[in-house]
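Every number in this text was worked out from the coordinates using simple rules, so none of it is lab data. This is a predicted model, so every value here is computed, not measured. Methodologically, a virtual Cβ is constructed for each residue, glycine included, from the backbone with ideal geometry; neighbour enumeration extends over all protein chains shown.
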Amino acid sequence: MKKEKGQKVKFIVYVVVRVLVVLALIRQIWEHDWHDVMLCGMTLILLFLPTLLSKQLALRLPNVLEIIIVVFIFAAEILGEVHGFYVIFPNWDDILHTTNGFLAAAIGIALVDVLNQHENVKLNLSPAFVAVVSFCFSMTIGVLWEFFECSMDMFCGTDMQKDTWISAFNSVAINPDGVNVPVHVDVDSVTVNGQVWQQYLDIGLYDTMQDLFVNFIGAVVFSIIGYIYIKNRGRGIAAEFIPTMDMEKFEEIKEEHQEELDHLLHEKLKLPKKNAEEKQTDDPDQE
């Protein structure tokens, strides 16, 4: 009953989000805003990501996790970029980066735990080690995203790393003695191209560090949840967020690609079929 209710809620969320994205797409086309048209189109493609991951990687995504992923994509692209929520709500970016840290840690837990339980992979990792790997995976995703934002700002003229107005800073660059001692500066005014600003404009540094910090919070929270999940072997609220391996789908994918694997072994690597067959039928008593 609970599963059927979750499937119904997931279906409703998918329909509502896709309808809203299509309406936003139509509006941007009407206004000839081709940049936002591209964002809407990309969002429609990204909304297929959970289904694609589930089919291609033989993963069983919990309904709650799938709903969070879909809402996250919509909140980041349509609400954040197209409708300007990043500017309207100062903490919108922080909420999304925290959620990103949370989701990435869930995926990290799933990837390691699936290998940990797979019969063909000889791993026996402790819950604490899996939690640490999950945390590192989440932080790596966060850092790579900041690299992407910086690259877009440098080479494409965007402003993904939002700027911050600050009234004071410390710097060794303006030390009059030229020594490695920071000098404190209270900013009364800054003149840029004849325009007077009352504060100094930091170009992305504070935004980047704040993004990584909230990503860190999300990663830590879910790593702890993941630790409890593995310790109790799948029981508790964490099971609503962590993907698991769908063994039936995995076997189907394995059978589908078995012919390609045989071709690789026999044709590309020149492994004789006779040897492979003998290896399969070899008497274990002769070893």
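Quick notes on this structure:
- Per-peptide average of other Cβ atoms within 10 Å, ordering 207-214, 147-154 highest first: 207-214, 147-154
- Debye equation applied to the C-alpha atoms of segment 1-79, log10 I(q)/I(0) at 0.19 Å⁻¹: -0.81
- Per residue, the convex hull spanned by the Cα atoms of segment 15-147 amounts to 128 cubic angstrom.
- Highest average first, the peptides 185-192, 65-72, 124-131 ordered by how many other beta carbon atoms sit within 10 Å of their residues are 65-72, 124-131, 185-192.
- The alpha carbon centroids of segment 87-118 and segment 199-243 are separated by 6 Å.
- Packing around the peptides 20-30, 93-103, taken as the average count of other Cβ atoms within 10 Å per residue, puts them in this order, highest first: 93-103, 20-30.
- Projected area, mean over directions - segment 103-197, Cα convex hull, nm²: 11.5 nm²
- If you take the alpha carbon atoms of segment 42-99 and fit the smallest convex hull around them, that volume is 76 Å³ per residue.
- For Val187, the amide hydrogen comes within under 5 Å of the amide hydrogens of Ala168, Phe169, counting only partners 5 or more places away or on other chains and with H modelled in the peptide plane.
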